[in-house]
Structures are given as structure tokens and as C-alpha cells.
Amino acid sequence: MNKLLLGGIELVKYLIGRAKDLVMLKMLKSKEIRKLDRKFLFYLRESSKYEKFVEIDGKVVMNSQMPPYGTEAFNQFIKTIPQIKEGKKFPLSCNIAITNRCNFSCWHCSNWGRETPEDFPLELLKETIWKLQEMGNSFIGLTGGEPTLRDDLEEIVEAIGTRSHTILFTNGEKLTYERAKELKRRGLFSASVSLDHFKPEIHDKQRGYDGAFDIAVAAIKASNKAGLYTIAGVVPTRGMINNGEIPTFYKFLKEIGAHEVRVLAPIPTGRLVGNNDARWCGKDEEKQMWEYHMKLNKDKDFPKISEFSYLESEGLLGCMAGTYHMFIENDGTVTPCDMIPLSFGNVKKEGLEAAFNAMTERFQSPRHECYVRAAHALFKKGFDKEGKFPLSKETAMEITGKVRNKKMPKFFQVLGMPPPVFEKEKGKEKEKLDLRNLECPEPVWRTQEKMWDMKGGVLEVLVNEEEAKNNVEDTAKSEGWSAKVESEDNGEYLLILSS
């Protein structure tokens with residue numbers, strides 16, 4: 001257990017080892033938790049072995065994707081688990097773009113391509129928050145654009161209350177100590193401040209704003225001083241990982257006041273749509289980042305590390321977009337996630353429930369990995385056709401008809417949630433792909449795209465690396481196709497994929 005002190009007052013405890021186990025034992029006092037299947041409880045304990053718990057103000061942050069233990073929102077979350085087991089869908093987690101205004105121009109911006117500049121109307125926003133909570137929500141993220149540009153941010157936070165855990169996603173521009181303190185008084189639990197490098201000139205360039213580094217550092221310090229649970233939201237590049245700069249960066253973030261580092265990979269959506277070079281490669285960068293997550297969460301000298309490609313992997317929670325997570329654009333458009341620009345309706349027109357139900361009918365269940373990994377090429381085609389994000393409902397229906405969530409992550413499998421049921425696709429096509437000499441992850445992406453276009457049949461894939469062979473096999477199985485290696489000669493592999 002590692003403690004942080006300020007003025008001799010204990011503010012934060014990092015819980016690892018026995019201290020973490022004691023928290024989990026304490027949780028068993030809850031009747032709702034004791035009702036859960038023992039097999040599922042053992043799975044939760046095992047799956048948390050690489051997590052570092054953080055205690056702040058008597059509340060314990062266990063995982064970035066659930067409310068802190070010791071809050072009303074956590075109790076609400078636990079009460080909904082039996083409904084999840086039955087397969088009922090509801091917006092457990094929701095991020096809302098309360099404005100589209102922003103003073104930065106980030107290289108990886110997922111909000112890029114939107115044409116509606118207006119703020120989310122305050123009264124409609126309050127009504128939407130209430131409806132979300134009535135539907136079972138326990139986690140709300142306020143984002144944008146840049147949410148601190150709204151002068152009524154404090155009123156919005158207060159409207160959420162204690163039924164949902166609230167997190168603010170910000171570049172830090174207007175998060176002063178005085179404002180952070182007032183936001184905490186109104187009910188804000190956490191602030192996630194974007195910071196991508198420990199070198200000012202690199203962060204400023206990547207965020208497209210001179211002085212962005214100083215702004216972010218000041219906001220992190222202000223958030224920490226005000227008593228908010230403080231997160232540094234980072235998007236490391238492949239170069240930063242391969243240069244070995246990650247541990248230095250994480251230590252720097254703890255020194256300036258971050259309790260947690262929330263790590264997102266560059267995702268080919270928004271401004272990065274169609275950019276295949278930015279994405280981490282699974283056999284190199286992603287594997288290394290997972291190792292940092294597992295190793296450094298056992299080290300008291302580092303903050304809590306939340307590597308999202310690890311947390312959203314098949315053995316854990318996977319991708320809940322479109323089933324238990326959703327995003328609402330500043331104009332009221334309902335999408336599965338801020339990284340998945342597919343429209344399923346609007347709270348101003350169809351209404352929240354109708355739009356949410358239309359979306360869950362297409363997604364059916366959580367996915368074993370990030371949905372964008374499978375659909376990013378289709379996002380690019382849709383954007384080339386329509387010229388803006390989010391894509392129309394017609395295009396959303398087309399894409400979700402091709403990319404289906406056929407494989408659930410382990411969390412939901414162990415819980416006992418019924419698997420998705422899709423009409424069996426019939427196809428008589430036979431096609432070939434020569435993917436020799438392509439670097440990771442190109443073989444996977446091209447194989448996926450061809451399978452969607454075919455909608456069934458037989459696909460012969462030729463590769464000349466064992467890693468590519470393994471990745472293509474795994475991809476085929478995740479999309480519901482069978483895969484076998486037909487021949488192997490001089491390091492070349494011919495895979496036969498069929499549905």
C-alpha cells in the first residue's frame with residue numbers, strides 16, 4: 001500500500017497485494033454481490049490481479065470502466081448485473097458531447113468531421129441525463145469538443161447528482177483550481193486531462209496549440225489539489241513506445257499529480273480515419289503496452305495504469321459499445337461510442353429509448369475486441385461517400401450488417417449472458433488474397449474487409465509470416481468463419497477460410 005500526503009493529511013492510497021484483497025473481501029458484505037454466482041466472483045478476483053486499486057475520499061477506484069466502490073453509483077451498477085446476465089440491454093455507461101466547440105486541433109481527434117457547432121441545449125441535456133438514469137445508467141462522461149468552454153458546466157454536473165459516477169474529459173484549458181474545487185462541490189468525482197508527452201514541444205505539436213502542455217500540467221495539478229480523482233488521458237504514438245519513453249512518461253505524470261494514466265491507442269476514426277500507419281501493431285507495440293499495464297500496476301512508484309486495449313480484450317470486458325455503452329453527440333445524435341461514428345437516431349427526434357433500442361438490435365452483445373478494429377475500413381468508405389461524421393443511419397445499418405458481434409468477451413460469458421443469435425449467412429463465392437510481404441496489421445484488415453464484401457463462401461489467403469498466419473486465423477474465427485492451413489512451403493502459408 002502506497003500513500004500520498006499533502007500537508008500531512010492522507011489523501012490517496014494505492015492498494016496492491018493484500019490491501020487490494022481486503023477491499024474485495026469487504027465488498028462481500030453487500031447482499032447484491034453475494035447473490036452473484038461463485039464462479040463469476042472468482043473470475044472477477046482473477047481478472048483484477050493486474051489492477052491497482054486507488055482509494056480516495058474513502059471510495060475505491062478498481063477499474064476505469066465501473067463506478068468507484070463506496071458510491072451510490074456503484075450500488076446502482078451492482079444491482080443491474082442480474083439484468084445483464086439475462087441479456088437485457090441498457091446504457092450502463094454514456095459519454096455526452098456537451099459542446100462541439102474546441103480551441104485545440106489534436107492529431108487524433110475522434111470528434112473531427114462534425115458539422116454542428118452548437119452546444120447541447122441545457123434543458124434537453126438535463127432531461128436526457130434523467131432518462132439515462134431511469135434506464136439504468138451509473139456512469140456518465142462529459143466530453144466535447146472541450147466541455148470546460150461551457151459556462152454552465154457546474155450546473156450540468158449538479159444535474160447528474162450521485163446516481164451516476166461523473167468524469168470530465170478535458171484538455172485543461174479552463175480547469176483552474178477554483179473551478180475544479182467548485183465542480184467537486186457540485187458532485188464531480190474525476191477529471192481526465194489530455195497529455196501525450198513529457199516534452200512540451202511534442203505535446204503542443206500533437207495537440208495543435210501553443211502552450212497546450214503548460215495548460216494540461218496546470219490542470220492536472222489543479223484537479224489533484226482540489227481533491228478530484230485525477231486522470232491523465234494519453235495517446236502514445238508507436239515512436240514513443242518503440243523509443244522506450246513510456247515508463248519515464250508515466251513517472252512524470254505521477255509527479256505532477258495524476259492518480260491514474262488512462263491509455264488509448266491511436267484509433268483510425270475521426271481525423272485518423274483511413275490512417276493505417278498510426279495504429280499500434282499487436283505483436284509489437286500493443287504487446288509491450290499490455291506488459292507495462294501488468295507490471296507497473298504492481299509497482300508503488302507508478303500511478304494506476306489503465307491500458308484500454310488490454311481492458312477491452314477478449315479475456316476481460318471487451319467492447320461494450322452499442323450494448324452497455326453509448327455516445328450522444330452535441331446535436332443529440334445517438335451512436336455506439338465516440339470512436340464509432342454510426343448514427344441510430346436522435347434524442348430530439350426519435351427519442352433516447354427508440355434510438356438506443358435501434359442500436360442494440362444491431363449490436364446484440366458486447367464484442368470480444370474494439371469494434372473499430374473490424375470496421376475502420378468501412379468507416380473510411382462511408383466518410384468518402386458522405387463527407388462528414390457521424391455516418392447516416394442507412395450506412396450504419398449497412399456496416400453493422402457486415403461487422404457483427406459474434407464472439408462475446410469472457411466477462412459476459414462467465415456471467416452467463418446468452419450469446420447473440422444471427423441468421424446464418426449463405427455464400428457460394430470463392431476468392432483469393434495474396435498478402436505476402438505486408439506488415440502487421442495489414443493482413444488482418446484486408447482479410448476482414450474481403451470477408452465482409454463476400455458475406456460467405458471460401459477465401460484463400462496467402463501469407464509469408466507465421467505471425468500473419470496466426471493473426472488471420474484468429475480474425476477468421478472471431479468473424480464466425482472456419483480456418484485451416486492448407487499448405488506450408490518455404491515459410492509461406494495458404495489458409496482456407498470458409499463460412
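The values are calculated or read from the model by the stated rules, or taken from the named source; none is laboratory data. Because the structure is a prediction, the values reported are computed rather than measured. Reconstructed Cβ throughout: ideal geometry from the backbone, glycine too, with neighbour counts over all protein chains shown. We work out accessible area using only protein heavy atoms, side chains counted, and drop any ligands, DNA or RNA first. Shrake-Rupley method; radii C 1.70, N 1.55, O 1.52, S 1.80 Å.
What single numbered condition from (1) under 27 Å from GLU291 (Cβ atoms); (2) at pLDDT 95 or above; (3) open to solvent by 10 Å² or more (accessible area, probe 1.4 Å); (4) part of a helix (DSSP H, G or I) fails to hold for ARG271?
In the conditions (1) under 27 Å from GLU291 (Cβ atoms); (2) at pLDDT 95 or above; (3) open to solvent by 10 Å² or more (accessible area, probe 1.4 Å); (4) part of a helix (DSSP H, G or I), ARG271 misses (1) alone.
Show the residue pairs that are 6+ apart or on different chains and have beta-carbon atoms under 9 Å apart, the first residue being within segment 153-178 and farther than 16 Å from PHE120 by Cβ and among the aromatic types (Phe, Trp, Tyr), the second being open to solvent by less than 70 Å² (accessible area, probe 1.4 Å) and part of a loop (DSSP other than H, G, I, E, B).
Here the result reads TYR177/ALA226, each pair linking segment 153-178 to a residue that is open to solvent by less than 70 Å² (accessible area, probe 1.4 Å) and part of a loop (DSSP other than H, G, I, E, B).
Restricting to segment 355-402, name every residue that is in contact with a Leu (Cβ under 8 Å, 6 or more places away or on another chain), in contact (Cβ under 8 Å) with a residue 60 or more places away in the chain and part of a loop (DSSP other than H, G, I, E, B).
PRO390
Among (1) open to solvent by 60 Å² or more (accessible area, probe 1.4 Å); (2) assigned to a loop (DSSP other than H, G, I, E, B), there is one condition LYS79 misses while meeting the rest; what is its number?
(2)
Determine whether LEU415 is surrounded by fewer than 21 Cβ atoms within 10 Å (Cβ to Cβ), touching a helix residue (DSSP H, G or I) at 6+ places or on another chain (Cβ under 6 Å), closer than 23 Å to THR80 by Cβ and modelled with pLDDT of 90 or more.
Taking the combined requirement at face value, the residue satisfies it.
Pull up segment 341-361, narrow it to residues that are open to solvent by less than 30 Å² (accessible area, probe 1.4 Å) and out of contact with any helix residue (DSSP H, G or I) (no Cβ under 6 Å at 6 or more places or on another chain), then point me to the one that is nearest to PHE120 (Cα to Cα).
Among them, the one singled out is ASN346.
Would you mention how many residues in segment 458-481 are among the β-branched types (Val, Ile, Thr) and under 25 Å from the mean Cα position of the chain (by Cα)?
2
Specify which of the listed residues (LYS39, LYS52) is touching a residue at least 40 places away in the same chain (Cβ under 8 Å), open to solvent by 10 Å² or more (accessible area, probe 1.4 Å), over 22 Å from ASP338 (Cα atoms) and not hydrophobic (A, V, I, L, M, F, W, C).
Residue meeting the stated conditions: LYS39.
Please work out if GLY172 is within 24 Å of the chain's Cα centre (by Cα), on the phi > 0 side of the Ramachandran plot and outside any strand (DSSP E or B).
Criteria met by GLY172.
Inspect all residues belonging to segment 92-109 and state whether any of them is touching a helix residue (DSSP H, G or I) at 6+ places or on another chain (Cβ under 7 Å) and more than 30 Å from ARG207 (Cβ to Cβ).
Yes, that holds for at least one residue.
Tally up the residues in segment 38-71 that are small (Gly, Ala, Ser) and in contact with a Gly (Cβ under 7 Å, 6 or more places away or on another chain), please.
Adding up the residues that qualify gives 2.
Could you give every pair whose Cβ atoms fall below 6 Å, whose first residue belongs to segment 319-339 and is under 13 Å from MET359 (Cβ atoms) and open to solvent by 10 Å² or more (accessible area, probe 1.4 Å), and whose second residue is assigned to a loop (DSSP other than H, G, I, E, B) and among the hydroxyl-bearing types (Ser, Thr, Tyr), counting only separations of at least 6 or pairs across chains?
Listed pairs, sorted by first residue: THR333/SER343.
Could you list, in sequence order, the residues of segment 469-499 that are in a helix (DSSP H, G or I), open to solvent by 10 Å² or more (accessible area, probe 1.4 Å) and touching a Leu at 6+ places or on another chain (Cβ under 8 Å)?
Across segment 469-499, the qualifying residues are LYS469, GLU473.
Which of (1) of a type in the set (S, T, N, Q); (2) open to solvent by less than 10 Å² (accessible area, probe 1.4 Å); (3) within 29 Å of ARG186 (Cα to Cα) is the odd one out, the single condition ASN224 does not satisfy?
Going through the list (1) of a type in the set (S, T, N, Q); (2) open to solvent by less than 10 Å² (accessible area, probe 1.4 Å); (3) within 29 Å of ARG186 (Cα to Cα), ASN224 breaks only (2).
Which numbered condition trips up THR148, out of (1) in a helix (DSSP H, G or I); (2) surrounded by fewer than 19 Cβ atoms within 10 Å (Cβ to Cβ)?
That leaves (2) as the condition not met.
Evaluate the following for GLU291: is it assigned to a helix (DSSP H, G or I), free of Cβ contacts under 8 Å to residues at least 40 places away in the same chain and out of contact with any strand residue (DSSP E or B) (no Cβ under 9 Å at 6 or more places or on another chain)?
yes
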